[in-house]
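Report on the following structure.
What follows draws every value from the coordinates through simple rules; no lab data is involved. Here the structure is a predicted model, which means the values were calculated and not measured. Glycine gets a Cβ as well: all are built from the backbone with ideal geometry, and neighbour counts include every protein chain shown.
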């Protein structure tokens, strides 16, 4: 049965009848095609196509679909001001990392951009970022965890030509020595383990924190039950979050992961990339750092040189990747 035999006219005076598993998808797409917004129309067309194909391919049962709706309802009910269960679901399904890779592609080499440095890779934002972090000066302390192991974080922000980027906003956040973020404490009255600072004229920044530790993503809700059913662990390797932005440059959302962490190769949210794995050792191992930054030689050190792409470079790379995708 063709489309024309089911649809005479798609205005409001006609109705679609005699729908079957064979023609329902074409009919839904056709009636949705009245939407005047091209991008939204395309998104709905593909979504309907894939959902219907999934149901047909798997012969999805009514009870299975009802269970899915119930699960998604529970995910929504679990969301609060400081906990997004939907972000968590996106993370554990690998969708968050896929979205970042699509929307913030990175070149396979510096030759693609013509610069001397390869841009820093992005990774998942995670569900624990907030917008209430305090601004701090260089050398400031972001964590007041008395049980935490002291950490000095030293970094630079540069463009792909190696030029320093001054005034870049660097938003950072981490968990404490007990594997918890500040928003996971019910009596939270102020931000902790997070802060915002800006790079100096040479693109440098540094601050004090505590060494992050492996932790479990929230597994007391529907996403946790899903992981249990899949026989997956809920653990993330120890890492430190960074969000770096300056007008004219593509915003970088990334994290640094501690080398040798037991969950380095089995992150529950698929966030680890080899270029983001770093060594964390004593400050005293680097000559002059203890005196320069005013910390004890036993303090642990995390160092990284962040490289940002310009907005123009990002647009050109997105267009290139989109063309490549159409050819495959």
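Here are a few candidate values for Kirkwood radius over Cα pairs in Å: [x] 19.9; [y] 22.8; [z] 20.6. Which one was actually calculated from the structure I just gave you?
[y]
Less than 15 Å from a label point 7 Å out along the Cα-to-Cβ axis of residue 220: which backbone N atoms in segment 169-200 qualify, by residue?
Only 179-188 fall inside the zone, counting backbone N under 15 Å.
Between helix 311-327 and the chain, what is the angle of the helix's C-alpha long axis to the longest principal axis, kept within 0 to 90° and rounded to the nearest 10?
With rounding to tens, the tilt is 40 degrees.
Please find the FRET efficiency linking residue 322 to residue 35, where r is the Cβ-Cβ separation and R0 is fixed at 25 Å, and quote it to the nearest 0.05.
Given R0 = 25 Å and the Cβ-Cβ separation, E is 0.65.
Hey, how many Å between the Cα centroid of segment 254-328 and the Cα centroid of segment 35-63?
Spelled out, the Cα-based centre of one part sits 37 Å from the other.
Which of 230, 117, 317 moves the most in a Gaussian network model of the chain with Cα springs under 10 Å?
With Cα springs under 10 Å in the chain, the top fluctuation among 230, 117, 317 is at 230.
Return the single residue from 18, 53, 171 with maximal mean-square fluctuation; model: Gaussian network over the chain, springs between Cα atoms under 10 Å.
Looking only at 18, 53, 171, the largest GNM fluctuation is found for 18.
Using the number of other C-beta atoms within 10 angstrom as an exposure proxy, rank 81, 121, 324, 316 with the fewest first.
Ordered from fewest to most neighbouring Cβ atoms within 10 Å, 81, 121, 324, 316 come out as 81, 324, 316, 121.
Go ahead and run the numbers for FRET between residue 72 and residue 161, Cβ-Cβ distance against an R0 of 41 Å, rounding to 0.05.
Efficiency for this residue pair is about 0.35.
Quick one: compute the contact order of segment 161-291, relative version, from alpha carbon pairs under 8 angstrom and 6+ residues apart, as a percent.
Once divided by the residue count of segment 161-291, the mean separation gives 22 percent.
Would you work out the relative contact order for segment 44-181, in percent, from Cα pairs under 8 angstrom that are 6 or more residues apart?
About 18 percent, as a whole number.
Calculate, in nm to one decimal, what residue 279 and residue 315 gain on full extension: separation in residues at 0.36 nm each, minus their alpha carbon distance.
Using 0.36 nm per residue and subtracting the Cα-Cα distance, I get 9.7 nm.
Going by C-beta contacts inside 10 Å, put 239, 104 in order with the fewest on the left.
Ascending Cβ contact count within 10 Å gives the list 104, 239.
Say we join alpha carbon atoms closer than 10 Å with springs in a Gaussian network model of the chain; which of 318, 202, 34 then has the biggest fluctuation?
Among 318, 202, 34, the largest GNM mean-square fluctuation belongs to 34.
Among DSSP beta bridges lying fully in segment 85-320, give the percent that are antiparallel, nearest 5.
Roughly 70 percent of the beta bridges in segment 85-320 run antiparallel, per DSSP.
Using the number of other C-beta atoms within 10 angstrom as an exposure proxy, rank 241, 144 with the fewest first.
In order of increasing Cβ crowding within 10 Å: 144, 241.
Per DSSP H run of n ≥ 4, the term is -39500 (n - 2.57); total these for the chain, divide by its residue number, and report the mean residue ellipticity at 222 nm rounded to 500 deg cm²/dmol.
My calculation for the chain gives -8500 deg cm²/dmol from helical runs alone.
Rounded to the nearest 0.05, what FRET efficiency do residue 190 and residue 65 have when you use their Cβ-Cβ distance and R0 = 45 Å?
FRET efficiency, residue 190 to residue 65: 0.50.
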